Amino acid sequence: MEDTRPDFRLNREALRVLLDLLRNDRQHGWGSTIETLVFLFWLACGTSYRVVSRAFDMPRSIVHRVAEEVVAIRHQVIHLPNTPEDLEAVCRGFAGLARHRAFLKAAGAIDGCHVRIKPPSGPDGQCYRNRKLFPSIILQAVCDHQGRFIDTYVGWPGSVHDARVLRHSPLFRRSVYPPPGQFILADGGYPCLQHPLPLITPYKRPVRGVGAQRFNVHHSRARSIIERAFGMMKTRFRAIFLQALEVHHTFVPHVITACAILHNICLGVGDIMAPEDEHEEDDAEDEGEHGLETVSGAPWRDQLSAEVSALEEVPIDHDYL
């Protein structure tokens with residue numbers, strides 16, 4: 001059978017799952033299957049509405065309509081672990097990535113991703129310029145040990161620091177995940193916290209002591225899965241993520257969320273694209289815990305670091321993990 005990935009970036013099984021989830025049998029227009037394929041073609045090619053409209057002899061509004069329908073199934077596809085067994089599998093997976101039992105309480109990895117956009121006109125346009133001086137919108141995401149997104153929050157302009165985006169996210173404000181005693185892995189651009197959202201970050205450079213250095217190595221092995229998840233999504237939808245997205249900035253969050261949903265669907269059926277781009281280490285200045293009503297996670301990190309050092313020579317039981 002002909003490979004559908006070159007034109008639509010999804011294989012046939014992923015397409016079937018997507019269409020089953022949408023379940024929208026229209027009584028008008030061209031039908032949901034054709035319109036969904038047109039939307040996926042637009043995502044795959046990154047071409048203008050005008051070109052898609054002329055090529056398929058369809059109104060450009062189809063792109064917006066299908067994007068909204070895909071976003072509407074978000075909570076069926078992007079969600080936190082549903083059962084204690086699912087959560088245990090995630091934690092065991094992170095311990096396996098870290099190659100250490102001290103990370104058996106890791107329940108996710110978080111990071112931010114900048115998506116290039118066409119700069120908005122007017123005085124507000126400058127606030128979309130990030131520290132690398134290109135206009136962007138931020139996607140904050142948490143993934144599991146397999147690179148599946150379990151939480152996304154998108155829409156803040158590129159000039160905003162990751163820590164500020166975090167403070168305003170439902171993940172931080174509602175404090176419903178992870179469960180008590182577990183934590184999310186984050187890079188040094190985030191504060192190390194125990195409450196209200198438990199985040200464990202690496203020790204800051206210059207790292208002092210062999211124990212801290214050893215902890216950072218294991219932490220990086222586990223946390224890097226979020227970078228890989230972003231890389232896989234960017235590779236699949238190169239036309240969206242590797243050039244300026246030429247749509248109105250208010251529509252960008254819908255497009256990004258749709259791509260995250262499709263990423264999860266593809267992983268679920270084994271349709272995996274290895275990331276092509278190398279992740280650039282974020283060396284942004286840490287905003288720390290300024291202005292946060294929080295409890296520092298530094299003592300917890302020290303405890304984890306001690307566990308890493310104490311158990312360093314103990315091999316991981318892969319059957320256990």
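Is it the case that segment 192-207 has a residue that's touching a helix residue (DSSP H, G or I) at 6+ places or on another chain (Cβ under 7 Å) and part of a helix (DSSP H, G or I)?
No, because not a single residue in segment 192-207 is touching a helix residue (DSSP H, G or I) at 6+ places or on another chain (Cβ under 7 Å) and part of a helix (DSSP H, G or I).
Among the strands (runs of 3 or more DSSP E) lying completely within segment 105-190, list those that include at least 1 residues that are farther than 21 Å from PRO202 by Cβ.
Answer list for segment 105-190: 106-116, 136-143, 149-157.
Would you point out which residue out of ARG228, ARG214, ARG223 is in contact with a Leu (Cβ under 6 Å, 6 or more places away or on another chain) and in contact (Cβ under 8 Å) with a residue 12 or more places away in the chain?
Checking each option against the conditions leaves just ARG223.
Quick check, is LEU321 aliphatic (A, V, I, L, M), buried (at least 18 other Cβ atoms within 10 Å of the Cβ) and at pLDDT below 95?
Taking the combined requirement at face value, the residue satisfies it.
Condition test on GLY158, is it touching a His at 6+ places or on another chain (Cβ under 8 Å), over 16 Å from ILE110 (Cα atoms) and touching a residue at least 24 places away in the same chain (Cβ under 8 Å)?
yes
What are the residues in segment 247-258 that are surrounded by fewer than 23 Cβ atoms within 10 Å (Cβ to Cβ), in contact with a helix residue (DSSP H, G or I) (Cβ under 9 Å, 6 or more places away or on another chain) and more than 13 Å from SER136 (Cβ to Cβ), if any?
VAL247, PHE251, HIS254, THR257
Go through segment 47-63 residue by residue and tally those that are surrounded by fewer than 16 Cβ atoms within 10 Å (Cβ to Cβ) and not in a loop (DSSP other than H, G, I, E, B).
The total comes to 5.
Is one or more of the residues making up segment 124-137 out of contact with any helix residue (DSSP H, G or I) (no Cβ under 6 Å at 6 or more places or on another chain), open to solvent by less than 60 Å² (accessible area, probe 1.4 Å) and of a type in the set (Phe, Trp, Tyr)?
Checking segment 124-137: at least one residue is out of contact with any helix residue (DSSP H, G or I) (no Cβ under 6 Å at 6 or more places or on another chain), open to solvent by less than 60 Å² (accessible area, probe 1.4 Å) and of a type in the set (Phe, Trp, Tyr).
Determine if segment 211-222 includes at least one residue that is open to solvent by 30 Å² or more (accessible area, probe 1.4 Å) and closer than 14 Å to PHE94 by Cβ.
Yes - at least one qualifying residue is present in segment 211-222.
Could you look through segment 2-39, keep only residues that are outside any loop (DSSP other than H, G, I, E, B), of a type in the set (Asp, Glu) and surrounded by fewer than 14 Cβ atoms within 10 Å (Cβ to Cβ), and pick out the one that is modelled with the lowest pLDDT?
For segment 2-39, the residue satisfying everything is ASP7.
Mind listing whichever residues of segment 203-220 are under 26 Å from the mean Cα position of the chain (by Cα) and modelled with pLDDT under 95?
Within segment 203-220, LYS204, ARG205 meet the criteria.
Taking segment 157-181 as the region of interest, how many residues are exposed (fewer than 13 other Cβ atoms within 10 Å of the Cβ) and of a type in the set (A, V, I, L, M)?
1
Which residues, taken from segment 252-266, are out of contact with any strand residue (DSSP E or B) (no Cβ under 8 Å at 6 or more places or on another chain) and either modelled with pLDDT under 95 or not hydrophobic (A, V, I, L, M, F, W, C) (or both)?
Of everything in segment 252-266, just one residue is out of contact with any strand residue (DSSP E or B) (no Cβ under 8 Å at 6 or more places or on another chain) and either modelled with pLDDT under 95 or not hydrophobic (A, V, I, L, M, F, W, C) (or both), namely HIS254.
Does HIS161 fit the bill of being of a type outside the set (A, V, I, L, M, F, W, C) and touching a Gly at 6+ places or on another chain (Cβ under 9 Å)?
So HIS161 passes the test.
Please state which one of ILE226, ILE200, ILE184 is touching a Cys at 6+ places or on another chain (Cβ under 6 Å) and either aliphatic (A, V, I, L, M) or open to solvent by less than 50 Å² (accessible area, probe 1.4 Å) (or both).
Answer to the check: ILE226.
The values are calculated or read from the model by the stated rules, or taken from the named source; none is laboratory data. Keep in mind that what you see is a predicted model, and the values were worked out from it rather than measured. In this analysis, Cβ positions are derived from the backbone assuming ideal geometry, glycine residues included, and neighbour counts consider all displayed protein chains. To get the accessible areas, we keep the full protein, side chains included, count just its heavy atoms, and leave off ligands, DNA and RNA. Shrake-Rupley method; radii C 1.70, N 1.55, O 1.52, S 1.80 Å.
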